[in-house]
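Right, one structure below, let's go through it.
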Amino acid sequence: MTDSDSDKLITFQSSRFGQQKVERSAIVHVMGGMIGFPVEIDYVLIEYSPPFYWFHSVQNPNLAFVVVHADEFGEDYLSLLPTEEASLDITADTQIAALVVVTVQPVSQDSTANLKAPIIINTATGNARQVILDNQSLEVKTPLFSV
Amino acid sequence: MLVLTRKPGQSLFIGEDIKVSVMEIRGNQVRVGILAPPTVRIYREEIYTQILEENKEASEFSHLGASELKGALSTWKIRKPDGS
């Protein structure tokens, strides 16, 4: 049984990359939007320069975030991610993906990662949320690169 | 802004689903309890503002074109929190 709607290609505009086509099923719905951006709900992950992706708004051509998968920060960080998130129907058994927003600086070496507020995605439903973690040791501006 | 006065042990409702209670007052600190559905986010203002500002900064990098960014980012290796 096929669901032709979920295979449908969606077109959206990117001010950086021009017209993009993605499968509807690839769209991530960020509940409430990214913090500070409540209007834009739908995003897609676009491969960029590994391990970096763009988390690109489908609704706003100008809005995109550079992200990496949370795995880049090792098991210690992964163990701090929530195992339950009622708003996303996430329990300990649910498959999730987690993305970390990168703030790129003009001097790229100074770029930082926001480990305090990752984007948690329920990969089955495509629903996501930017979750602020309680852990006091996590920094909003964590230096990203080794010296 | 609606301003109400409550004593420790008193509460107020925000809509039907959110209950805010003053638990205790100690010196210049108020301990506040919040009962809300799990879908409602609750944040200290200062941390919420900090994340909001960081998101705004992260979403703007017009100082580098996308292709320059690619080259710049590939130069460096991500460090793990444990320092490795």
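The values are calculated or read from the model by the stated rules, or taken from the named source; none is laboratory data. No experiment lies behind these values; they were computed from the predicted model shown. Every residue, glycine among them, receives a Cβ derived from its backbone with ideal geometry; neighbour counts consider all protein chains shown. These area figures cover heavy atoms from the full protein model, side chains too; ligands, DNA and RNA do not enter into them. Shrake-Rupley method; radii C 1.70, N 1.55, O 1.52, S 1.80 Å.
Looking at the protein assembly as shown, send over the antiparallel percent of its DSSP beta bridges, to the nearest 5.
95 percent
Over the heavy atoms of A:Glu139, what accessible area does a 1.4 Å probe trace out, to the nearest 10 Å²?
Roll a 1.4 Å probe over it and A:Glu139 shows about 100 Å².
Let me know the charge dipole size of the protein assembly as shown about its Cα centre in debye, to the nearest 20, where only the beta-carbon of Lys, Arg (+1) and Asp, Glu (-1) is charged.
The dipole magnitude comes to about 600 debye.
With every protein chain kept in the model, how would you rank B:Met23, A:Met34 by accessible area, 1.4 Å probe, largest at the top?
Heavy-atom accessible area, descending, gives B:Met23, A:Met34.
Mean residue ellipticity at 222 nm from the helices of chain A, using -39,500 (n - 2.57) per DSSP H segment of n ≥ 4 over the full residue count, to the nearest 500 deg cm²/dmol?
-1000 deg cm²/dmol
Counting Lys +1, Arg +1, Asp -1, Glu -1, what net charge surrounds B:Glu24 among other residues with beta carbon under 14 Å of its beta carbon?
+4
Please find the FRET efficiency linking A:Leu9 to A:Val39, where r is the Cβ-Cβ separation and R0 is fixed at 25 Å, and quote it to the nearest 0.05.
It comes out at approximately 0.60.
State log₁₀ I(q)/I(0) for the range A:1-139 at q = 0.14, 0.17, 0.20, 0.21 Å⁻¹ as given by the Debye formula over alpha-carbon point scatterers of equal weight, solvent excluded.
After summing over all Cα pairs, the log10 values are -0.67, -0.99, -1.32, -1.43.
Can you find, among B:Val20, A:Val102, A:Gly32, the residue farthest towards the positive end of the dipole of the protein assembly as shown? Put +1 on the C-beta of Lys and Arg, -1 on that of Asp and Glu.
Highest projection toward the positive end goes to B:Val20.
Modelling each spin label as a point 7 Å along the Cα-to-Cβ direction, I'd like the A:Asn62/A:Thr83 distance in nm, to one decimal.
Each label point lies 7 Å from its Cα, and together they span 4.4 nm.
Report, ordered by chain and residue number, the aspartates and glutamates lying within cross-link reach of B:Lys7, taken as a straight Cα distance under 20 Å and ignoring same-chain residues fewer than 8 apart.
Candidates past the 8-residue exclusion: B:Glu24.
What's the average, rounded to a whole number, of partner chain beta-carbon atoms within 10 Å of each residue's beta-carbon in A:101-108?
Partner-chain Cβ atoms within 10 Å, mean over residues of A:101-108: 6.
Put a dot 7 Å past each Cα toward the Cβ at A:Glu75 and A:Val107; how far apart are the dots in nm?
Inter-label distance under the simple model: 3.6 nm.
Mind checking the mean number of beta-carbon atoms from other chains within 10 Å of the Cβ atoms in B:45-58?
Other-chain Cβ atoms within 10 Å of each residue's Cβ, averaged: 6.
Partner chain Cβ atoms within 10 Å, averaged over the residues of B:35-42 - can you pull that number for me?
The per-residue average across the peptide is 3.
Please compute the modelled spin-label separation between B:Phe13 and A:Met31, points set 7 Å along Cα→Cβ, answer in nm with one decimal.
2.3 nm
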